[in-house]
Amino acid sequence: MGWMQPQQSTEARALNPTEKLAEVLCKTSLEVTVSHIEDANTPGANNPEFYRPVPASLSKEELPFITASTVMASATSGRHWIVIDDIVYDCTNFITEHPGGQEVLKPFQGYDCSWQFWRFHGKQEMAQAKELRVGRTAGVKNKFKERPRFVGLRPWGADYL
Ligand code: HEM
């Protein structure tokens with residue numbers, strides 16, 4: 001039996017090695033990591049005119065996030081945006097230079113055209129497209145259902161049926 005004596009606060013006295021370690025571990029585990037998330041409320045962020053092509057050196061994660069509704073709004077704006085694998089490409093100037101012609105790109109303004117792109121192109125064209133990136137997005141629809149690829153007379157992958 002004895003009297004309870006309040007302990008000195010840790011600020012007032014030097015910490016022993018165990019306390020020091022505990023302090024470091026606590027601080028480390030409480031550290032908050034932040035990633036760059038665009039604020040869709042930023043003035044102008046809902047207007048396709050707000051965005052311009054970003055440097056090719058930026059990774060996908062570093063691209064500004066553009067909402068699906070803003071991407072779709074580009075269809076009625078002056079910008080010709082298309083989406084391939086959740087990346088938004090500004091083809092406003094490129095459309096007249098596209099070797100496959102303007103007509104193939106026109107129906108995709110404001111829409112996803114991933115499978116159509118990969119049907120005709122490979123990594124080389126994708127590298128060329130990199131300089132047209134304006135942002136990343138999610139949930140943008142493709143107007144057309146992908147038709148199965150045929151290998152000879154059977155659809156690709158049909159041999160497991
Ligand atoms: C930013 C996106 C795009 C870029 C950078 C791009 C680039 C190119 C290039 C460099 C070629 C010439 C290829 C060659 O001569 O071998 C080409 C041809 C073509 N592209 Fe694209 N393209 C894009 C988007 C698309 C999309 C979305 C479609 C379809 C909806 C498409 C359909 C075609 C077609 C049909 C050809 C002609 C292919 C042929 O003659 O064999 N392209 N494109």
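Since every read-out is calculated from the coordinates, none of them should be taken as a lab result. All values derive from a computational prediction rather than experimental measurement. Using ideal geometry, Cβ is built from the backbone for each residue, glycine included, and neighbour counts are taken over all protein chains shown.
Numbers for the structure displayed
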read-out: Yes/no for Gly101 being near the ligand (Cβ under 10 Å from one of its atoms) and on the phi > 0 side of the Ramachandran plot; value: yes
read-out: Complete set of residues in the stretch 83-131 that are among the small types (Gly, Ala, Ser) and crowded, with 20+ Cβ neighbours inside 10 Å; value: Gly110
read-out: Criterion violated by Met72 - all others in (1) surrounded by 15 or more Cβ atoms within 10 Å (Cβ to Cβ); (2) within 16 Å of the ligand (Cβ to nearest atom); (3) of a type in the set (A, V, I, L, M) satisfied; value: (2)
read-out: Flag if Gln116 is within 19 Å of Ser59 (Cα to Cα) and near the ligand (Cβ under 7 Å from one of its atoms); value: no
